[in-house]
Amino acid sequence: MSKLPQDIMVDILTYLPVKSLLRFKCVCKLWHSLISDPKFVKSHLKTAREVNSNKSQRLLLSTRTPQSVDFEAASEGDEDNAVQELEYPDVVRCSPTYFIGIMGSCDGLICLFVDYAKLVLWNPSTRDYKEMPKPSCDHGFDFFAGIGYDSSNDDYKFVIPSCTTADGSEQIMVEVLTLKTNVWRKVPEICQGTTLVGAYRGLFCNGAVHWLGKQENGSEKEYVAVSFDVAEERFKEVVPLPDHFDTVVLGMSGNSLCAFGECHGSYFEAWIHEQEYDSSASFRRLFRLPADRLSQEPKVVLCLTKKGELLLDYDEWQLALYHPVEDKNKCIRAYRDSNLCDLAIYTESLVSINGDDSRDPRRRSRRKMVIA
């Protein structure tokens, strides 16, 4: 590759997995400098999202030994390579109770909530990490959160919304931490007449973090998607979800927000939001399935893959990929060692947190394969 023009070499490298690129950084100073360059990191991430999403998208399980599930290998039945064991940074491994919640995921960065006390930002692909300061307000053990990218300032922001009541009306207030300043601050932005429900972990897409909410509508409340614009630090207009859902969860399909709902106990539906998230757009139904098409009721629908498969999390601690057109269910043979295990979708990336873990030789131990 030394005889290739640099622009062609860079283009080829953007298609390679993170694991290979980390090895290539040791080849020579030129490659180390090139692969570490922020412009290359952004280009590699863009390719991973838009071209190689099936190869770069993963599911993280926060078990005692964290596990990463490769969607493509799982879909193709390659059980030996579908699940990899990872290694937490030291600041997480010293946890006495080993409760590790996942509070958000964006561009390969994952925020861990350790022992109901510490917030740790971690890139499981590079092993880079950083312990974040505690929020200025005490949010207790159970709070909503999310992480997103501010493209206008080239910075990542961690967001904690909190639901309160004022003058008899529910409202949402927000605290924000920016990665560059590492300081929490309250945002003078309020979402009136709405409360958050369901999963506490927000989903980032199209510049905003999204949560499931309920909005006051006369004497009733309706399900809505609540979104917080990370760059502008303001709530967007809430978007109503289909009003016939009995239960609903939000998920992702690529870079689009999805809603998965059960209706009257008789059928299951998947809806997707338009690519550009704005007040004029709405959800569009992708498909409807009779309830008996699923072998058992899933606890959570995590996402819709590029291949059109639903990633399902069952109560019995079982993961599966279900193809609604082919009516095929493929079990993923990952293990759970605790009912406190959390799950989140992430994209393998080279994005840096400026932590020390990636430079610590003790963290360079080889990843192990889980062979069921």
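The values are calculated or read from the model by the stated rules, or taken from the named source; none is laboratory data. Every value quoted in this text rests on a predicted model; they were computed, and no experiment measured them. Note: ideal-geometry Cβ built from the backbone for every residue, glycine included; neighbour counts use all protein chains shown.
Couple of notes before you dig in:
- Per-region count, the stretch 42-57, residues modelled with pLDDT of 90 or more and closer than 19 Å to C111 by Cβ: 1
- Residue that is farthest from the chain's Cα centre (by Cα), among those in the stretch 50-80 that are surrounded by 19 or more Cβ atoms within 10 Å (Cβ to Cβ) and among the β-branched types (V, I, T): T63
- Residue ranges of strands (runs of 3 or more DSSP E) in the stretch 109-199 with at least 2 members touching a Pro at 6+ places or on another chain (Cβ under 8 Å): 118-123, 169-178, 183-192
- Of all residues in the stretch 100-119, those that are within 14 Å of P135 (Cβ to Cβ) have Cβ atoms under 7 Å from Cβ atoms of residues that are surrounded by fewer than 22 Cβ atoms within 10 Å (Cβ to Cβ) and charged (D, E, K, R), 6 or more apart or on another chain, in K118/E131.
- Between A281, A291, the distinction of being touching a Gly at 6+ places or on another chain (Cβ under 7 Å), of a type outside the set (D, E, K, R) and either modelled with pLDDT under 85 or surrounded by fewer than 18 Cβ atoms within 10 Å (Cβ to Cβ) (or both) belongs to A291 only.
- Every residue from the stretch 67-80 that is over 19 Å from Y322 (Cα atoms) and either of a type in the set (V, I, T) or assigned to a helix (DSSP H, G or I) (or both): D80
- Residue in the stretch 42-62 that is polar (S, T, N, Q), touching a strand residue (DSSP E or B) at 6+ places or on another chain (Cβ under 7 Å), on the phi < 0 side of the Ramachandran plot and free of Cβ contacts under 8 Å to residues at least 40 places away in the same chain present: no
- Filtering the stretch 319-372 to residues that are in a loop (DSSP other than H, G, I, E, B), of a type in the set (S, T, Y) and modelled with pLDDT under 85 leaves Y335, S338, S365.
- Considering residues of the stretch 119-146 that are touching a Ser or Thr at 6+ places or on another chain (Cβ under 8 Å) and not hydroxyl-bearing (S, T, Y) only, the residue modelled with the lowest pLDDT: H139
- The stretch 81-108 - residue that is at pLDDT 85 or above, assigned to a loop (DSSP other than H, G, I, E, B) and in contact with a strand residue (DSSP E or B) (Cβ under 7 Å, 6 or more places away or on another chain) and, of those, surrounded by the fewest Cβ atoms within 10 Å (Cβ to Cβ): L86
- Within the stretch 195-208, residues that are closer than 16 Å to P240 by Cβ reach partners that are part of a loop (DSSP other than H, G, I, E, B) with beta carbons closer than 7 Å, at six or more positions or on different chains, in the pairs L196/F144.
- Scanning the stretch 234-247 for residues that are buried (at least 17 other Cβ atoms within 10 Å of the Cβ) and within 30 Å of K186 (Cβ to Cβ) gives F235, K236, V238, V239, L241.
- Condition met for L310 (buried (at least 20 other Cβ atoms within 10 Å of the Cβ), hydrophobic (A, V, I, L, M, F, W, C) and either farther than 22 Å from T65 by Cβ or at pLDDT below 80 (or both)): yes
- Taken as a whole, the condition of being in a strand (DSSP E or B) and modelled with pLDDT of 85 or more applies to E269.
- T14 being of a type outside the set (A, V, I, L, M, F, W, C), touching a Cys at 6+ places or on another chain (Cβ under 7 Å) and in contact (Cβ under 8 Å) with a residue 12 or more places away in the chain: no
- Among (1) modelled with pLDDT of 90 or more; (2) surrounded by 15 or more Cβ atoms within 10 Å (Cβ to Cβ) - the single one D154 does not satisfy: (2)
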